[in-house]
Amino acid sequence: MAGNDSLAEFLASAVQAAQEAGEIIRKSFYQTKNVEHKGQVDLVTETDKACEDLIFNHLGKLYPTHKFIGEETSAVLGAAELTDEHTWIVDPLDGTTNFVHGFPFVCVSIGLTIQKVPTVGVVYNPILNELFTAIRGRGAFLNGNPIKASSQTELISSLLATEVRSVRMAGSCAMNLCGVACGRLDACFELGFGGPWDVAGAAVIVREAGAEVYDPSGKDFDLTSQRVAASNPYIKDAFVEVLCQTGC
Ligand code: MG
Ligand code: MG
């Protein structure tokens, strides 16, 4: 029972951190159009960094013994190794290109792994005001309402999403995964994304919504591999077959 309580507390803390970071993103999001000629990349970096600092400070104060892996910190210090410790894995702003262009498909992603297993997940899009949450074993939610993956059984009728190097689709791996979790998408996959912060929060949300997260080859999902596929269970085999044919 104590364990359950602390998981609920971890989720509440992550939601609060995500909402505070989301407030920074929301304010900057509507400012970018005014500063278009003053170097968007710097502005984005500042927003990313400010959000990561806020989230790390918020959670670090509450849980000083936990480990932290963040996209921006890793960019400076190199990626920390994922251990069995309680580890918060944070992408302070997923969908940076969207952010620069004012395309509202951006999110804060916070995942907590315990013994390397994604256990608590929060993905928050502050522009669309969509808060995806999950605790392992307790279901997935969008703004507090239970969500479920789609029941589509035919690949040919499925809506798919991906990100590839030269073609921008929706621009956020975490949001794509949450799209599968709430049945907006039937499947998605991505190869070579930035790091575990892109998927740590959404992985538990997808699973708790009744969808599956796996390696595009059909093997087990590895949080550190920078390869991910997700779909409802019904089209998994057909999806993996297509992915394998295309060399995934
Ligand atoms: Mg990012
Ligand atoms: Mg990212």
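Close lysine pairs were tallied over the chain: pairs 8 or more places apart or on different chains with Cα atoms under 30 Å apart number 18. Long hydrophobic helices in the chain, taken as whole DSSP H segments with a C-alpha length of 15 Å or more on their own axis and mean Kyte-Doolittle hydropathy at least -0.5: 2-31, 40-62. Heavy-atom surface analysis with a 1.4 Å probe gives the chain a carbon and sulfur content of 52 percent of its accessible area.
Above 32 Å, the calculated P(r) of the chain contains 16 percent of its Cα-Cα pairs. Loop-located GluC sites (Glu not before Pro) across the range 76-154 with a Cβ neighbour count of 10 or fewer within 10 Å are Glu81, Glu154, with loop assigned by DSSP. In plain terms, the chain from Leu128 to Asp5 could stretch by 41.3 nm, reckoned as 0.36 nm per residue minus the Cα-Cα distance.
Compared with the direct C-alpha span, the chain from Glu241 to Ser151 gains 30.5 nm at full extension, assuming 0.36 nm per residue.
To the nearest 500 deg cm²/dmol, what mean residue ellipticity at 222 nm is calculated for the chain from DSSP H runs of n ≥ 4 alone, each contributing -39,500 (n - 2.57), summed and divided by the residues?
-12000 deg cm²/dmol, from helical runs alone.
Couplings 3J(HN,Hα) of the range 107-116, computed from phi: 7, 9, 10, 10, x, 10, 9, 10, 6, 6 Hz, in residue order, whole Hz [Karplus 6.51 cos²θ - 1.76 cosθ + 1.60, θ = phi - 60°; x for Gly and Pro]. Take every Cα pair under 8 Å whose residues are at least 6 apart in sequence, average their separation, divide by the length of the chain, and the relative contact order is 16 percent. Normalised per residue, the accessible area of the chain is 46 Å², obtained with a 1.4 Å probe and no contribution from ligands, DNA or RNA.
The values are calculated or read from the model by the stated rules, or taken from the named source; none is laboratory data. What you see is a predicted model; the values in this text were computed from it and never measured. All Cβ positions, glycine included, derive from the backbone under ideal geometry; neighbour counts span all protein chains shown. Side chains included, ligands, DNA and RNA excluded: accessible areas come from the protein's heavy atoms. Shrake-Rupley method; radii C 1.70, N 1.55, O 1.52, S 1.80 Å.
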